[in-house]
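Read the structure below first, then the notes.
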Amino acid sequence: MIELADAEALGFDKGRLARIDTFLQENYIDTGRLPCAQIVVAREGRPVHYAHLGTLREDGTPMREDALFRIASMTKPVTSIAFMQLVEQCRVALEDPVTRVFPEFANLAVYAGGGGSIPFAPGSPAPPMRFVDLLTHMSGFTYGLQNRTNIDALYREHNLDFARDHLDSDGFVERLAQLPLEFAPGTGWNYSVSTDVLGIAVERLSGMRLGDYLAEHVFGPLGMTDTAFGAGDAGAERLADAYAYRPGKPPRMIDAGATSKLNRPGTFDSGGGGLVGTIADYQRFATMLANGGELDGARIVSPKTLRLMRTNHLPGGADLTEMSRSLFSESHNAGTGFGLGFAMVIDPARTLMPASEGEFYWGGAYSTAFFVDPVERVTMVFMTQLYPSSAYPIRRQLKTLIYAALSHSNA
């Protein structure tokens, strides 16, 4: 399914690339830390290394190359690209107030106290939230999984992190509009449901359900034939089992692929975390990003639009150590900025791992990950199914192994 180019001709040491498989097998698969793993490394858009390890199912069914994975928050860059397509058409602008599309948000207030058994105190009216605040996670929204504040607890009570089965898009917005914001938009960074709201903006602006919009304007042009909101008819056969990390114990299987609710249609397309797809599909998406918004003649966004997206938008050039209020995100904070749907490296030395300035990336809650290095022209996509992604330092380790395998650097 994934054809490999000559790694040495593209500046990689084959022997060092082989260390990746050995490392994954010995440290994660054989030890039972991860049930499965797939990885593809490419340079100049051409895959130079691919491996699939472990099992698809708890019953020992071997991992298959066309396995479907819950990519969770790796949905966010896809939704952000879709929204920026509409920005390119001048159907919306980054500086527009979100009330232009969401009149429900006209009376948002900033948290001022209360929660639990105590009613929320009347908060001060929030300044206008802009679409750029949604893209950058500076909206003031949150996730229940942050598990820090009384507002996080209310998100858990309403099950807003997992709305697929009990809300539609309008119902989701209506619930959010009733809750206070963590902070005034534009004043902090908090990993949140912002991209879910952005996906609903795509729906309202385009007149299409998000999954249909993506199929027509992103997945179809890119040839991503196996990516959608839910596993569909193929799920019972191809969707990998999902597991939860347990300290000191084998991971616990929490969603069997054969019987998963993802095999059935949902009422809500989560632009922040609902996509299911293959590693080959996401490799095509990552290659499009590495190519400046184009792949095989299909222009998804312009190079200037993508450059704007992968530029740090945190105030004053700050990194996430200065701006983040999150207990959890898919990003290491030191030396890391945030743009319009991606985190990016703004100071490689502060990350304390091999990196290039301007490298951009994201991951998903089931420990999936990808990165794009515009300097070295290298991409990586990694798939597995272990929640949460903070369980192991696998992303840092994979990056170290990949950069250690370079025999030629463009830097």
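The values are calculated or read from the model by the stated rules, or taken from the named source; none is laboratory data. These figures come from a predicted structure and were not determined experimentally. Here the Cβ positions follow ideal geometry from the backbone for every residue, glycine too, while neighbour counts run over all protein chains shown. Side chains are part of the model used for accessible areas, which takes the heavy atoms of the whole protein and leaves out ligands, DNA and RNA. Shrake-Rupley method; radii C 1.70, N 1.55, O 1.52, S 1.80 Å.
Brief remarks on what is shown
- When the criteria are applied in full, Leu135 fails the requirement of being open to solvent by 20 Å² or more (accessible area, probe 1.4 Å), of a type in the set (A, V, I, L, M, F, W, C) and within 20 Å of the chain's Cα centre (by Cα).
- Residues in region 171-181 that are open to solvent by 40 Å² or more (accessible area, probe 1.4 Å) and touching a helix residue (DSSP H, G or I) at 6+ places or on another chain (Cβ under 8 Å): Glu174, Arg175.
- Among the candidates Glu58, Glu8, Glu65, Glu88, residue that is of a type in the set (D, E, K, R), within 18 Å of Val378 (Cβ to Cβ) and either at pLDDT 95 or above or touching a Phe, Trp or Tyr at 6+ places or on another chain (Cβ under 9 Å) (or both): Glu8
- Among the residues of region 189-207, those that are surrounded by 20 or more Cβ atoms within 10 Å (Cβ to Cβ) and either among the aromatic types (Phe, Trp, Tyr) or part of a loop (DSSP other than H, G, I, E, B) (or both) comprise Trp189, Asn190, Tyr191, Ser192, Val193.
- Residue list for region 129-162, restricted to those being outside any helix (DSSP H, G or I), touching a helix residue (DSSP H, G or I) at 6+ places or on another chain (Cβ under 7 Å) and of a type outside the set (Ser, Thr, Tyr): Met129, Arg130, His137, Phe141, His158
- When Pro185 is tested against (1) in contact with a Phe, Trp or Tyr (Cβ under 6 Å, 6 or more places away or on another chain); (2) under 22 Å from Met84 (Cβ atoms); (3) not polar (S, T, N, Q), only condition (1) is not met.
- The single condition from (1) among the hydrophobic types (A, V, I, L, M, F, W, C); (2) buried (at least 16 other Cβ atoms within 10 Å of the Cβ); (3) modelled with pLDDT under 95 that Ala112 fails is (2).
- Of all residues in region 317-347, those satisfying the criterion of being without any contact (Cβ under 8 Å) to a residue 24 or more places away in the chain, assigned to a loop (DSSP other than H, G, I, E, B) and among the small types (Gly, Ala, Ser) are Ala318, Ala334, Gly335.
Residues checked against (1) assigned to a strand (DSSP E or B); (2) of a type in the set (Val, Ile, Thr); (3) within 18 Å of the chain's Cα centre (by Cα); (4) surrounded by 24 or more Cβ atoms within 10 Å (Cβ to Cβ):
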site: Gly271; (1), (2), (3), (4): no, no, yes, yes
site: Gly274; (1), (2), (3), (4): no, no, yes, yes
site: Tyr282; (1), (2), (3), (4): no, no, yes, yes
site: Phe285; (1), (2), (3), (4): no, no, yes, yes
site: Met288; (1), (2), (3), (4): no, no, yes, yes
site: Gly292; (1), (2), (3), (4): no, no, no, no
site: Val301; (1), (2), (3), (4): no, yes, no, no
site: Leu306; (1), (2), (3), (4): no, no, yes, yes
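- Test: residue in region 109-119 that is in contact (Cβ under 8 Å) with a residue 60 or more places away in the chain, part of a loop (DSSP other than H, G, I, E, B) and touching a strand residue (DSSP E or B) at 6+ places or on another chain (Cβ under 7 Å): yes
- Flag if Ala42 is closer than 23 Å to Ala343 by Cβ, touching a residue at least 60 places away in the same chain (Cβ under 8 Å) and either in contact with a Leu (Cβ under 6 Å, 6 or more places away or on another chain) or open to solvent by less than 10 Å² (accessible area, probe 1.4 Å) (or both): yes
- Residue count for region 322-347, restricted to those that are charged (D, E, K, R) and either open to solvent by less than 30 Å² (accessible area, probe 1.4 Å) or out of contact with any Gly (no Cβ under 6 Å at 6 or more places or on another chain) (or both): 2
- Being among the acidic types (Asp, Glu), over 24 Å from Gln146 (Cβ atoms) and touching a residue at least 40 places away in the same chain (Cβ under 8 Å) holds for only one residue in Asp241, Asp196, Asp212, and it is Asp241.
- Restricting attention to region 4-17 and to residues that are over 27 Å from the mean Cα position of the chain (by Cα) and open to solvent by 30 Å² or more (accessible area, probe 1.4 Å), the residue that is nearest to Arg246 (Cα to Cα) turns out to be Arg16.
- Applying the condition of being part of a strand (DSSP E or B) and polar (S, T, N, Q) to region 18-59 and asking which residue is nearest to Tyr243 (Cα to Cα) yields Thr55.
- Among the candidates Arg164, Arg91, residue that is of a type in the set (Lys, Arg), open to solvent by 60 Å² or more (accessible area, probe 1.4 Å) and within 30 Å of Gln283 (Cβ to Cβ): Arg91
- Ala411, sole failed condition from (1) farther than 26 Å from Arg64 by Cβ; (2) of a type in the set (A, V, I, L, M); (3) in a strand (DSSP E or B): (3)
- Number of residues in region 247-261 that are touching a helix residue (DSSP H, G or I) at 6+ places or on another chain (Cβ under 9 Å) and surrounded by fewer than 22 Cβ atoms within 10 Å (Cβ to Cβ): the value is 4.
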